[in-house]
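Participant: Handing you a structure now.
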Amino acid sequence: NKQSLILGIETSCDETAAAVVRDGRQIVSNVVSSQIESHKRFGGVVPEIASRHHVEQMTYIIEAALQEADAEFSDLDAIAVTEGPGLVGALLIGVNAAKALAFTRNIPLVGVHHIAGHIYANHLIEELTFPLVTLVVSGGHTELVYMQEHGSYEIIGETRDDAVGEAYDKVARTIGLPYPGGPHIDRLAAEGEETIDLPRAWLEDGSYDFSFSGLKSAVINTLHNAKQKGIELRQEDIAASFQAAAVDVLVTKTMRAVEEKGVDRLLVAGGVAANKGLRKALTDACLDKGITLTIPPLSLCTDNAAMIAAAGAIAFEQGRRSDDRLNGEPGLDL
Ligand code: KG4
Ligand code: ZN
């Protein structure tokens with residue numbers, strides 16, 4: 001069986017990334033250039049700045065990924081690139097780079113869904129077995145995805161408003177923490193106590209959907225009312241109360257999905273998978289129910305191109321190819 005070597009390219013948001021993955025599971029190189037410092041003073045990602053960074057970085061990052069892998073373009077079996085969803089101007093930079101390389105050098109091209117990438121970050125850690133459920137939690141997504149086999153994705157639940165990472169970032173901003181606020185809330189929550197009673201949006205009976213905007217507003221209102229009454233709330237307690245409510249809903253719905261779908265395998269994907277409160281609650285719940293839980297290390301939870309190459313390898317093996325019509329698709333469905 002011939003070994004496969006795939007170059008992954010990712011530019012959907014604010015990281016410019018390229019990676020080389022062997023046989024779909026072995027990371028040979030994984031280069032990520034983050035722009036967080038450039039976006040920090042704006043309190044969030046500024047699309048035009050993101051695009052400009054990608055243009056500046058893209059060729060160097062691809063070169064670095066190949067160099068670290070000690071590989072040449074002629075060694076590659078395919079190029080996998082994130083085609084969506086994401087910021088359109090950002091996606092176009094990666095897509096265009098991938099197309100230019102693929103068509104000038106006659107290398108097969110595969111467009112990859114960003115969330116498929118986040119899910120396949122787990123495949124780089126442990127070989128996936130099916131059926132399984134993945135909880136996808138990031139700054140742009142909150143989804144429960146059911147998979148019966150490689151490359152087949154069924155979204156059984158998703159957020160109806162804010163993504164959970166977005167809610168973390170907005171709450172953090174409200175209490176004066178820098179962007180991205182998720183990690184700061186996580187750190188403060190560990191030192192605080194759940195002193196504020198906040199709402200949990202369970203939605204209709206049986207729904208796997210999420211809603212976090214009500215929780216976010218409740219935090220903001222609570223702070224406002226406290227201020228008017230001259231009451232000083234501790235940042236740590238606000239963080240702990242918010243995190244308890246968010247984690248409660250995420251874990252309860254995820255474990256119900258695992259049970260009702262009859263799977264014994266749970267994956268977590270996306271930047272919020274770094275959250276200590278969420279990790280602990282899911283670890284405890286899975287231990288209790290005998291479910292095998294995989295959570296990638298932090299470097300593979302956040303945006304990277306190794307995960308895109310891993311998802312691309314599966315699509316490539318399954319015969320999927322993209323042609324010269326490949327384009328950036330900001331609202332691409334999984
Ligand atoms: O997956 P990701 O790197 O980018 C997107 O595709 O969105 O996720 C970034 C999100 C941000 O909202 C950030 O605040 C959140 O993940 N995040 C966390 C933690 N680390 C990162 N949220 C809560 N707790 C953390 N420890
Ligand atoms: Zn992402």
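The values are calculated or read from the model by the stated rules, or taken from the named source; none is laboratory data. Everything numeric in this text was worked out from a predicted model, so none of it was measured. Every residue, glycine as well, gets a Cβ built from its backbone with ideal geometry; the counts of neighbours run over all protein chains shown.
Participant: When you go through Asp303, Asp288 one by one, which is the residue that is more than 18 Å from Ala246 (Cα to Cα), within 15 Å of ligand 2 (Cβ to nearest atom) and of a type in the set (Asp, Glu)?
Facilitator: Asp303
Participant: Let me ask you something else. Applying the selection to the range 207-254, what residues are small (Gly, Ala, Ser) and touching a strand residue (DSSP E or B) at 6+ places or on another chain (Cβ under 6 Å)?
Facilitator: Once the filter is applied, which keeps residues that are small (Gly, Ala, Ser) and touching a strand residue (DSSP E or B) at 6+ places or on another chain (Cβ under 6 Å), the range 207-254 yields nothing.
Participant: Of everything in the range 218-245 that's within 30 Å of Gly157 (Cβ to Cβ) and in contact with a Gly (Cβ under 8 Å, 6 or more places away or on another chain), which residue is surrounded by the most Cβ atoms within 10 Å (Cβ to Cβ)?
Facilitator: The extreme case among them is Ala239.
Participant: Thr195: buried (at least 19 other Cβ atoms within 10 Å of the Cβ), among the hydroxyl-bearing types (Ser, Thr, Tyr) and either modelled with pLDDT of 95 or more or under 19 Å from Val272 (Cα atoms) (or both), yes or no?
Facilitator: no
Participant: Say we look at the range 72-125 and pick out the residues that are crowded, with 24+ Cβ neighbours inside 10 Å and part of a loop (DSSP other than H, G, I, E, B); which of these is farthest from ligand 1 (Cβ to nearest atom)?
Facilitator: If we take residues in the range 72-125 being crowded, with 24+ Cβ neighbours inside 10 Å and part of a loop (DSSP other than H, G, I, E, B), then Ala121 is farthest from ligand 1 (Cβ to nearest atom).
Participant: Considering the range 260-278 alone, what residues qualify as being in a loop (DSSP other than H, G, I, E, B) and more than 7 Å from ligand 1 (Cβ to nearest atom)?
Facilitator: Correct list: Lys261, Gly262, Val263, Asp264.
Participant: Additional query: Would you confirm, using the coordinates I've provided, whether Ser51 is assigned to a helix (DSSP H, G or I) and crowded, with 18+ Cβ neighbours inside 10 Å?
Facilitator: yes
Participant: Restricting attention to the range 1-42, report how many residues are within 16 Å of ligand 2 (Cβ to nearest atom), part of a loop (DSSP other than H, G, I, E, B) and either touching a residue at least 60 places away in the same chain (Cβ under 8 Å) or of a type in the set (Ser, Thr, Tyr) (or both).
Facilitator: Matching residues across the range 1-42 total 4.
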